[in-house]
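Remarks on the structure that follows.
The values are calculated or read from the model by the stated rules, or taken from the named source; none is laboratory data. Just so you know, these numbers come straight off a predicted model, no measurement behind them. We place every Cβ from the backbone using ideal geometry, glycine too, and count neighbours over all the protein chains shown. Surface accessibility is based on the protein's heavy atoms, side chains included, excluding ligands, DNA and RNA. Shrake-Rupley method; radii C 1.70, N 1.55, O 1.52, S 1.80 Å.
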Amino acid sequence: MVTGNKGKFVGEQTSFFTQESSEGNRVAVLLPVPFAGPLDYAVPEGWRIPRAGQIVKVPLSGREVCGVVWPVKPEGRLDFKKLKPLTENIDMPPLTASIMKFIDWVAAYTLSPQGMVMKMVLSTPNAFESPPMKSHVVLAGAPPERITAPRKAVLDYMQDKAPQTVKMVAEESGVSDAVVRSLVKAGTLTTIEIASDQSFDAPDHTIKGPKLTDEQQVAVTAICDKVWEGAYQTFLLDGVTGSGKTEVYFEAIAEALKDKKAQVLVMVPEIALTSQWLGRFKERFGVDPIVWHSEIGQAERRRTWRAIIKGEARVAVGARSSLFLPFQKLGLIVVDEEHDASFKQEEGVMYHARDMAVVRARFEGCPIVLASATPSIETLVNAQAGRFEHLKLRERHGGAVMPTIHTIDMRRDGTANAQEWLSPVLITQIKKTIALGEQAILFLNRRGYAPLTLCRTCGHRFECPNCSAWLVEHRHKNQLQCHHCGYMAGMPDNCPECDQSDSLAACGPGVERLAEEAARLFPDARLAVMTSDTMTSPSKTAEMVGRITSGAVDLIIGTQIVTKGYHFPKLTLVGVVDADLGLRGSDMRAAERTWQQLQQVAGRAGREERPGSVFLQTYEPEHPVTASLVSGDGEAFMQAEIEQRERYNMPPFGRLVALILTGENIKEVIAVGRDLSRTAPNRDGMSVFGPAPAPMERIRGKYRYRMLLHAPKDINVQKVVQAWLSANKPPKSVRIKVDVDPQSFM
Ligand code: ADP
Ligand code: ZN
Ligand code: ZN
């Protein structure tokens with residue numbers, strides 16, 4: 001499974017990478033399948049030798065697939081006569097040298113087969129088929145003999161019009177489809193077939209943005225200089241929530257668009273959650289940006305991919321997978337909310353989209369902006385070392401002040417009743433806020449009604465049959481759900497263990513349960529629950545966000561979804577129901593993550609003229625995370641975290657690589673772990689931990705064990721791990737996943 005590149009990248013010149021012989025020419029083609037490297041194919045006689053980057057169709061074990069002519073020397077192992085010939089040159093611009101280098105780099109860095117990375121680039125197989133045709137009509141002949149009012153409406157409408165679909169003509173002229181078709185029959189209109197791919201409207205970079213403040217202008221100038229030069233540079237745009245980071249990078253996008261060929265990529269954590277951002281983009285650039293994520297439909301996906309490789313799509317916004325889009329010429333990359341954990345892909349090729357975006361910018365020779373109010377430690381360290389240029393925005397725009405943050409010590413001022421979660425202080429604050437016509441958020445990062453259900457009679461706990469996890473009650477759906485594998489079961493009346501009725505008890509709160517309590521406490525308040533269970537589509541999300549923005553909601557109850565950059569003008573109060581929740585567990589990033597999350601949710605409060613306040617319910621107000629939020633000295637907190645990482649040589653001061661061993665048979669998994677442990681690298685300051693059962697020991701019926709390599713920073717861990725794994729031959733029934741720079745230790 002671990003692979004390297006076959007052959008070195010040798011540039012674009014044809015003569016380097018084709019092999020000409022008296023028998024014929026061969027080329028290396030990288031296919032989007034989990035192979036280590038490219039395969040050799042024969043160039044059919046009479047064909048021009050395709051250039052590197054050319055997309056070609058080739059036979060592969062009985063089917064046809066599209067791949068890319070790779071700029072390496074063909075392997076030359078197979079006899080020419082045994083080679084399969086290329087079947088088709090796809091009529092499409094070739095992949096650029098920089099994206100090909102990028103594919104090689106990502107494969108080598110993440111220890112993934114090159115073909116798997118290629119698969120992320122050639123993500124839209126139907127993009128290579130010619131576009132589906134659609135019938136259009138246009139004025140062609142003389143007017144019909146019989147003119148009726150509807151017919152006249154169509155004729156008037158169609159004067160000087162470009163070809164349009166029957167449906168569109170009928171709609172626009174207010175008649176039925178039949179009227180339009182009758183005019184085709186009469187010969188007045190004629191039908192022509194047109195490719196259904198419409199081009200995208202170009203954004204207008206001449207629309208003026210707002211007048212910038214001095215500190216915003218300093219940041220804009222620094223970024224625009226590099227955009228103009230067309231030179232690589234990473235910027236950390238570090239500004240408190242509401243300081244105008246978006247306005248700053250909009251300005252940089254406008255600068256990039258002045259170059260008629262340049263394209264811009266904006267990466268955001270979760271595209272479904274960006275309805276407000278899309279609206280702002282449209283206001284600023286006059287058109288919708290081009291959106292890329294896993295849920296756009298096939299037709300749109302195809303149209304988008306093609307427009308990007310042809311250089312016609314100018315600005316694309318997307319989740320992490322957009323990093324692998326085949327841009328012709330990137331002029332700027334923006335990674336918004338760069339600290340967000342969702343930039344790390346945990347399946348397939350395990351890569352961190354923020355880190356890889358920096359690499360891509362380097363290959364493309366363009367600047368990249370990492371924006372955040374709560375930058376990650378990795379990024380801060382890079383900025384401190386001078387590798388990234390640190391741009392700071394210290395003030396909220398328009399005199400809005402940062403919210404004041406208070407703690408509520410639940411040991412002293414908690415709830416009287418164990419089945420309630422809101423303290424008297426917080427209840428009073430919410431009532432006051434709503435009475436003033438302002439809005440409040442209650443933040444609890446737990447979906448569903450209750451995280452655990454148990455039987456009061458026999459102590460039975462509902463556990464997922466496939467995972468080491470409790471089942472979460474979702475009361476609206478009357479269901480128990482596993483949040484790890486998707487297992488669902490109806491909520492039984494009796495205990496499945498002892499058959500006792502009325503004995504099942506919900507333990508702890510989820511947002512649904514909190515909403516129940518809020519409805520009881522604030523009967524007149526209009527509630528909205530924001531979770532991935534209620535915001536299931538972009539349109540539902542937009543609808544809910546619209547209601548909140550317009551003031552039709554008083555109290556929002558939400559999970560981490562509410563931390564994602566929303567701007568609700570009337571929102572002045574944030575209540576964090578369990579500020580200690582993220583701090584339990586032993587993850588090295590627990591403190592950093594919790595701090596970022598609480599800082600982000602706090603940042604929703606008081607974004608306009610009315611000041612905001614934040615209340616953190618906690619059993620541990622003296623914890624450094626909570627204490628620094630209250631004192632407002634986030635820099636000192638992050639500095640302390642950085643020093644701690646440095647002391648223990650943890651990333652980014654040292655390197656980590658995790659191996660995750662999975663299999664259905666636990667004995668086999670452990671045996672593979674033992675073998676790996678026996679052959680583990682142990683020189684040059686490296687150490688290997690494990691095998692140990694993963695915190696989530698079973699997911700989807702598979703056992704999971706983890707090993708962790710810890711190495712000094714200057715060690716080439718890829719080489720070490722590759723050598724280590726190639727010395728072991730695990731049985732097929734045990735999989736080894738390699739996670740370079742792991743973020744999750746589940
Ligand atoms: P951030 O991205 O840092 O959270 P935004 O760019 O969303 O901040 O800015 C917060 C609010 O302030 C937005 O409504 C934005 O339009 C407004 N804003 C920021 N800078 C300016 C400016 N120079 N002039 C006018 N409005 C601004
Ligand atoms: Zn029971
Ligand atoms: Zn499960």
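Could you say which residue among Cys482, Cys495, Cys507 is within 16 Å of ligand 3 (Cβ to nearest atom) and not small (Gly, Ala, Ser)? Explain how you work it out, then say what you get.
Working: Cys495 fails: within 16 Å of ligand 3 (Cβ to nearest atom); Cys507 fails: within 16 Å of ligand 3 (Cβ to nearest atom).
Exactly one residue qualifies, and that residue is Cys482.
Screening the stretch 601-627 for residues that are within 16 Å of ligand 1 (Cβ to nearest atom) and open to solvent by 10 Å² or more (accessible area, probe 1.4 Å) and picking the one that is nearest to the chain's Cα centre (by Cα) gives Arg607.
Here is a check on your reading of the model: is Glu193 outside any strand (DSSP E or B) and either over 29 Å from the mean Cα position of the chain (by Cα) or more than 16 Å from ligand 1 (Cβ to nearest atom) (or both)? No: the conditions fail for Glu193.
Filtering the stretch 628-647 to residues that are farther than 11 Å from Thr404 by Cα and either surrounded by 15 or more Cβ atoms within 10 Å (Cβ to Cβ) or in contact (Cβ under 8 Å) with a residue 12 or more places away in the chain (or both) leaves Ser628, Gly634, Phe637, Met638, Ala640, Glu641, Ile642, Arg645.
Listed here are the residues, each with its yes/no results for (1) more than 16 Å from ligand 1 (Cβ to nearest atom); (2) open to solvent by 70 Å² or more (accessible area, probe 1.4 Å); (3) touching a helix residue (DSSP H, G or I) at 6+ places or on another chain (Cβ under 6 Å).
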site: Ala418; (1), (2), (3): yes, yes, no
site: Pro424; (1), (2), (3): yes, yes, no
site: Ile430; (1), (2), (3): yes, no, no
site: Ala440; (1), (2), (3): yes, no, yes
site: Cys464; (1), (2), (3): yes, no, no
site: Glu473; (1), (2), (3): yes, no, no
site: Leu480; (1), (2), (3): yes, no, no
site: Pro492; (1), (2), (3): yes, no, no
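When restricted to residues that are part of a loop (DSSP other than H, G, I, E, B), touching a His at 6+ places or on another chain (Cβ under 9 Å) and of a type in the set (Phe, Trp, Tyr), the stretch 587-638 contains 0. Taken together, the residues in the stretch 242-256 that are open to solvent by less than 10 Å² (accessible area, probe 1.4 Å) and of a type in the set (Ser, Thr, Tyr) amount to 2.
Please verify whether Glu473 is at pLDDT 95 or above and within 16 Å of ligand 3 (Cβ to nearest atom), treating the condition exactly as stated.
Spelling it out, Glu473 is indeed at pLDDT 95 or above and within 16 Å of ligand 3 (Cβ to nearest atom).
So which helices (runs of 4 or more DSSP H) are wholly in the stretch 64-170 and hold at least 1 residues that are among the aromatic types (Phe, Trp, Tyr)?
Fully inside the stretch 64-170 and qualifying: 97-110, 149-158.
For the stretch 211-226, give me each residue that is open to solvent by less than 70 Å² (accessible area, probe 1.4 Å) and more than 29 Å from the chain's Cα centre (by Cα). The answer is Leu212, Thr213, Glu215. Being surrounded by 13 or more Cβ atoms within 10 Å (Cβ to Cβ) and either within 16 Å of ligand 1 (Cβ to nearest atom) or among the hydroxyl-bearing types (Ser, Thr, Tyr) (or both) is a condition met by no residue of the stretch 137-151. With a requirement of 2 or more residues that are touching a Gly at 6+ places or on another chain (Cβ under 8 Å), the strands (runs of 3 or more DSSP E) lying completely within the stretch 662-746 that satisfy it span 687-699, 702-712.
I want to confirm something. Restricting to the stretch 227-239 and keeping residues that are part of a loop (DSSP other than H, G, I, E, B) and open to solvent by 40 Å² or more (accessible area, probe 1.4 Å), which single residue is nearest to ligand 2 (Cβ to nearest atom)?
Restricting to residues being part of a loop (DSSP other than H, G, I, E, B) and open to solvent by 40 Å² or more (accessible area, probe 1.4 Å), the top hit is Tyr232.
Among the residues making up the stretch 196-222, those that are in a loop (DSSP other than H, G, I, E, B), under 18 Å from Asp259 (Cβ atoms) and hydrophobic (A, V, I, L, M, F, W, C) are Phe200, Ala202, Ile207. Checking every residue in the stretch 299-314 against the condition of being in contact with a Phe, Trp or Tyr (Cβ under 8 Å, 6 or more places away or on another chain) and on the phi > 0 side of the Ramachandran plot gives at least one match. In this structure, does Val169 turn out to be of a type in the set (A, V, I, L, M, F, W, C), farther than 30 Å from Gln722 by Cβ, over 41 Å from the mean Cα position of the chain (by Cα) and open to solvent by less than 40 Å² (accessible area, probe 1.4 Å)? No; evaluated as a whole, the condition is false for this residue.
Among the residues making up the stretch 394-416, a single one is over 20 Å from Pro569 (Cβ atoms) and within 16 Å of ligand 1 (Cβ to nearest atom): Arg394.
Consider Thr188 carefully, then state whether it is buried (at least 17 other Cβ atoms within 10 Å of the Cβ), more than 10 Å from ligand 1 (Cβ to nearest atom) and either under 28 Å from Glu378 (Cα atoms) or more than 24 Å from the chain's Cα centre (by Cα) (or both). Here the answer is yes, as Thr188 does meet what is asked. Being among the small types (Gly, Ala, Ser) and in contact (Cβ under 8 Å) with a residue 40 or more places away in the chain holds for only one residue in Ala505, Ala552, and it is Ala505.
Out of all the residues in the stretch 529-542, is one or more away from ligand 2 (no atom under 16 Å from the Cβ), open to solvent by 70 Å² or more (accessible area, probe 1.4 Å), under 30 Å from His293 (Cβ atoms) and assigned to a helix (DSSP H, G or I)? Checked against the condition, which is being away from ligand 2 (no atom under 16 Å from the Cβ), open to solvent by 70 Å² or more (accessible area, probe 1.4 Å), under 30 Å from His293 (Cβ atoms) and assigned to a helix (DSSP H, G or I), the stretch 529-542 yields at least one hit. When the stretch 402-416 is filtered for residues that are touching a residue at least 40 places away in the same chain (Cβ under 8 Å), open to solvent by 70 Å² or more (accessible area, probe 1.4 Å) and farther than 15 Å from Val577 by Cβ, the ones remaining, listed by number, are Met402, Thr404, Arg411. For the stretch 578-598, does any single residue satisfy the condition of being free of Cβ contacts under 8 Å to residues at least 24 places away in the same chain and closer than 19 Å to Gly448 by Cβ? Scanning the stretch 578-598 turns up at least one residue that is free of Cβ contacts under 8 Å to residues at least 24 places away in the same chain and closer than 19 Å to Gly448 by Cβ.
The number of residues in the stretch 578-593 being open to solvent by less than 10 Å² (accessible area, probe 1.4 Å) and in contact with a Leu (Cβ under 6 Å, 6 or more places away or on another chain) comes to 1. Taken over the stretch 442-462, the residue count meeting the criterion of being assigned to a loop (DSSP other than H, G, I, E, B), more than 16 Å from ligand 3 (Cβ to nearest atom) and open to solvent by less than 30 Å² (accessible area, probe 1.4 Å) is 2.
For the stretch 66-87, a tally of residues being more than 18 Å from Pro326 (Cα to Cα), among the β-branched types (Val, Ile, Thr) and modelled with pLDDT of 95 or more returns 1.
The residue pairs whose first member lies in the stretch 447-458 and is touching a residue at least 60 places away in the same chain (Cβ under 8 Å) and on the phi > 0 side of the Ramachandran plot, whose second member is crowded, with 22+ Cβ neighbours inside 10 Å and of a type outside the set (D, E, K, R), and whose beta carbons are closer than 6 Å, counting only pairs six or more residues apart or on different chains, are Gly448/Val472; Gly448/Gly510.
Looking only at the stretch 494-512, count every residue that is open to solvent by 30 Å² or more (accessible area, probe 1.4 Å), within 13 Å of ligand 2 (Cβ to nearest atom) and part of a strand (DSSP E or B) and tell me the total. Summing the residues that are open to solvent by 30 Å² or more (accessible area, probe 1.4 Å), within 13 Å of ligand 2 (Cβ to nearest atom) and part of a strand (DSSP E or B) in the stretch 494-512 gives 3.
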